[in-house]
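Chemist: Below you'll find the structure I mean.
The values are calculated or read from the model by the stated rules, or taken from the named source; none is laboratory data. Every value quoted in this text rests on a predicted model; they were computed, and no experiment measured them. FYI the Cβ positions are ideal-geometry reconstructions off the backbone, even for glycines, and counts take in every protein chain you see. Side chains included, ligands, DNA and RNA excluded: accessible areas come from the protein's heavy atoms. Shrake-Rupley method; radii C 1.70, N 1.55, O 1.52, S 1.80 Å.
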Amino acid sequence: MNTEAITQRVELHAALADAARLRIVDTLSLGDAAPSELARSIDMPSNLMAHHLAVLERAGIVDRKKSEGDRRRSYVQLVPGALDVLALRPARVVPRVLFVCTHNSARSHLAAALWRRASAVLAASAGTHPADRINPSAVATAERHGLHMPSISPQHIDAVHAPDDFIVSVCDRAHEELDIPIDIHWSVPEPVGTGSNQAFEAAYTDLARRVTTLAQVLDSA
């Protein structure tokens, strides 16, 4: 093994050799969070959180992206593949997974369709400001990947949400707007703005990776 590879392994282990940073990584293992949300969730002062996040960023374990809603906010997320060696959490039993975005026209529908292919746990989707129809580019993206997307109209979350739902927000704006508890947030860029196949493929790939991970730790009741 070359010296560079050994150095990278040492830096990775050094970054994780702290109980607080392991708690941060565990919290981010299934979803993204703003630094302030992380600090609240694990009861850590903001200045200490900033220090630990800086260590994890230097090690290439986490990165940040600007919110597409409130541009003053950013979301911390694990770098894909950076922690493949870490074991996942034990399975949690849930009756249904509810994916939520703003318009319920693209990301939430793709996520729900991907979920139905990956898990026996029921899935639904909704929006905070539903569009008139599912975006045609989202339907085309699903078809390119052999993914079945039901022919239904976008729904408002108030008409879909059940008390025991496991809620996954897949849109920064919805995450920042919802006043009900959210179990996990996925900061997936909005593909509808550009409308390009590349943008929709990027969203699909991001959602597929996250769904595969989450499906391993949620089980049906």
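Chemist: Given a 1.4 Å probe and the protein chains all in place, what does the accessible area of His103 round to, in Å² to the nearest 10?
Modeler: Solvent-accessible area, nearest 10 Å²: 80 Å².
Chemist: Still on this structure, please answer the following. For region 1-79, which trypsin sites (Lys or Arg not before Pro) are both in a DSSP coil and crowded by at most 12 other Cβ atoms within 10 Å?
Modeler: Passing sites in region 1-79 are Arg71, Arg72.
Chemist: Loop only per DSSP, at most 16 neighbouring Cβ atoms within 10 Å: give me the trypsin sites (Lys or Arg not before Pro) in region 117-170, ordered by residue number.
Modeler: Of the trypsin sites (Lys or Arg not before Pro), the ones in loops of region 117-170 whose Cβ has at most 16 other Cβ atoms within 10 Å are Arg133.
Chemist: Which value, to two decimals, describes the C-alpha radius of gyration of region 92-221 once divided by 2.2 N^0.38 Å?
Modeler: 0.94
Chemist: Same structure, new question: Along its principal axes, what span do the Cα atoms of the chain show, with the longest given first and each in whole Å?
Modeler: 53, 38, 38
Chemist: Also, I was wondering about something else. Taking the Cα centre of each part, how many Å lie between region 96-173 and region 44-64?
Modeler: Each part reduced to its Cα centre gives a spacing of 32 Å.
Chemist: Roughly how tilted is helix 197-215, in degrees to the nearest 10 and between 0 and 90, from the longest Cα axis of the chain?
Modeler: 70 degrees
Chemist: Okay, moving on. Of the heavy-atom accessible surface of the chain (probe 1.4 angstrom), what whole percent is carbon and sulfur?
Modeler: Accessible surface attributable to carbon and sulfur in the chain totals 52 percent.
Chemist: What does the accessible area per residue of the chain come to in Å², with a 1.4 Å probe and no ligands, DNA or RNA counted?
Modeler: 51 Å²
Chemist: Quote the relative contact order of the chain in percent (integer), defining contacts as alpha-carbon pairs under 8 Å separated by 6+ residues.
Modeler: It rounds to 22 percent for the chain.
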